[in-house]
1. Quick check, is ALA516 open to solvent by 60 Å² or more (accessible area, probe 1.4 Å) and at pLDDT below 90?
2. Limited to the range 92-107, what total is found for residues that are surrounded by 15 or more Cβ atoms within 10 Å (Cβ to Cβ) and of a type in the set (Val, Ile, Thr)?
3. Given the conditions (1) in contact with a strand residue (DSSP E or B) (Cβ under 8 Å, 6 or more places away or on another chain); (2) surrounded by fewer than 20 Cβ atoms within 10 Å (Cβ to Cβ), report the number of the one that ALA418 does not fulfil.
4. Go over the candidates ARG470, ARG502 one by one and state the one that is farther than 30 Å from TYR239 by Cα, open to solvent by 60 Å² or more (accessible area, probe 1.4 Å) and either assigned to a helix (DSSP H, G or I) or not aromatic (Phe, Trp, Tyr) (or both).
5. Return the residues of the range 241-264 that are at pLDDT 70 or above, open to solvent by less than 40 Å² (accessible area, probe 1.4 Å) and part of a helix (DSSP H, G or I); say none if nothing qualifies.
6. Checking the structure you have, find out if any residue of the range 37-48 is in a helix (DSSP H, G or I), open to solvent by 10 Å² or more (accessible area, probe 1.4 Å), basic (Lys, Arg) and over 20 Å from GLY116 (Cα atoms).
7. Testing THR180 on (1) in contact with a Lys or Arg (Cβ under 8 Å, 6 or more places away or on another chain); (2) closer than 23 Å to ALA158 by Cβ, one condition comes back false. Which one is that?
8. Taking the range 108-149 as the region of interest, how many residues are open to solvent by less than 10 Å² (accessible area, probe 1.4 Å), in a loop (DSSP other than H, G, I, E, B) and of a type in the set (Gly, Ala, Ser)?
Amino acid sequence: MSPQRLTGVGADERPLRCLVTGATGYIGGRLVPELLAAGHAVRCLVRSPGKLRAHPWAGRVESVRGDVTDGDRVGAAMEGIDVAYYLVHSLGTGSGFEETDRRAARLFGERASAAGVRRIVYLGGLTPAGVPERELSPHLRSRAEVGRILIASGVPTAALRAAVIIGSGSASFEMLRYLTERLPAMVTPSWVSTRTQPISVRDVLRALVGCARLPYDVNRTFDIGGPDVLTYEGMMRRYAVVAGLPKRLVIPVPVLSPRLSSLWVGLVTPVPSAVARPLVESLRHEVVCAEHDIARYVPDPPDGLLGLDQALRLALNRIRDADVATLPDSVRGTPRSSASVPGAPSDPLPTDPDWAGGSLYTDHRERAVDATPEALWRVVEGIGGENGWYSWPLAWALRGWLDRLVGGAGLHRYRRNATRLRVGDRLDFWRVEEIDPGRLLRLRAEMRLPGLAWLELRIDKDPAGRTVYRQQALFHPHGLAGHAYWWGVSPFHAVVFGGMARNIAAKAEASASAVAVGPA
């Protein structure tokens, strides 16, 4: 996605100085690189500047430590700013979140006015037409109130209102993802029949960046949504199709209250109940755009706004592309997101919550090896084929036989070179996906599985200069069958993967000892 297409800003217009609050959040973390790509200077107001270091753009922005409820910090962050983005809210922080949001919005508007900021841009929630505000969920009611406070601040404000945002990391999308993937049949609350108008994160960011250039007399709300209007049940069914899952059986029942629904979501998915509850409460009413006036100022792209299916494909694309190269070593056997280096708004970010991005199960093993990295690499590169997999041969043979039984490759695709591997080489029921000689071998499984699997063998050195062998098996489950598969085989991991790590280390140490002793 080119910056020109996203922003619609001409090259002859001077860059703006932008303040972004919530830069470690879902939208803020994706907005910053888009503003930078448009040529703007960016300052981030964050409570923990250290969290920004995980982003590749961290060195290109100015960070100010502070909270939106701290007037002095907000005032200092506003100095010299043209456009201030308000992307924070107190969702999931407790019963007093409405008062916290109200106070923070007033302070933000006052400090922006005092500093001479020329525009505020705010992203809130789409509210249902014709429903009295007192009947709205506290979450939607608060988001609407924040928009009104900013519009009344005296600083021209664009308050964008969106319903469900489709992108990996969005709380609404993650709830949709987990419910659909984990439940092939579900008894659901009546809110699954409520109509909504989802929008892709790409189009949300495009509108946010474009709003920086709005005429100064524009001070109002804008509804933003994608081209599709459908029920939450319809979104689940469309997700299943795009993700390649079997057709889902959905049976709505009218008896589940928002509180019980949020507990149900918390049981089925890793989305915290404190986050799920306000989202569920927001789905009680129909949220469909009443206007599309934003297009007068930020024209739709030539090929139109993204439809739901295309937005879903983008949200699922990263894990399907097997981009696990930058998965942090801190992942230790729990399902979490793939923390890939971001390349597009729909990609996961390092600061996304652990429950975002879909499940990625891992088995990590690590051993110090009394051998040189070169000796250890010879063992790693010689794996498979006649050398085997260095652990429980019967288990590997059984897995290969079962794979052949269901039409897979089994263990009969021997390596073409006994000592050297190249990217693309077949290695029994694995394929070499990446190789960095002396350091890394990553294999992608081609056996029949209800998901995607990788085996990563890495050689490093610790601070003391010792050789360290790191081994990581990764599995991205496909539907409920994938989760059942992982937990069904996980009891054997200690024997299979644990033995593999021990025996590879022992083989390298034995080879090193033999070389040291020399011939008798």
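The values are calculated or read from the model by the stated rules, or taken from the named source; none is laboratory data. This structure is a prediction, so every number in the text was calculated from the model and none was measured. As a convention, Cβ positions derive from the backbone with ideal geometry for all residues, glycine included, and neighbour counts pool all protein chains shown. Ligands, DNA and RNA are excluded from the accessible area calculation, which covers all protein heavy atoms including side chains. Shrake-Rupley method; radii C 1.70, N 1.55, O 1.52, S 1.80 Å.
1. yes
2. Count: 1.
3. Failing condition for ALA418: (1).
4. The conditions single out ARG502.
5. Residue satisfying the conditions is VAL242 alone.
6. Keep residues of the range 37-48 that are in a helix (DSSP H, G or I), which gives 37.
Now drop any that are not open to solvent by 10 Å² or more (accessible area, probe 1.4 Å), which leaves 37.
Add one more test, that the residue is basic (Lys, Arg), and what stays is none.
Scanning the range 37-48 turns up no residue that is in a helix (DSSP H, G or I), open to solvent by 10 Å² or more (accessible area, probe 1.4 Å), basic (Lys, Arg) and over 20 Å from GLY116 (Cα atoms).
7. Condition not satisfied by THR180: (2).
8. 1
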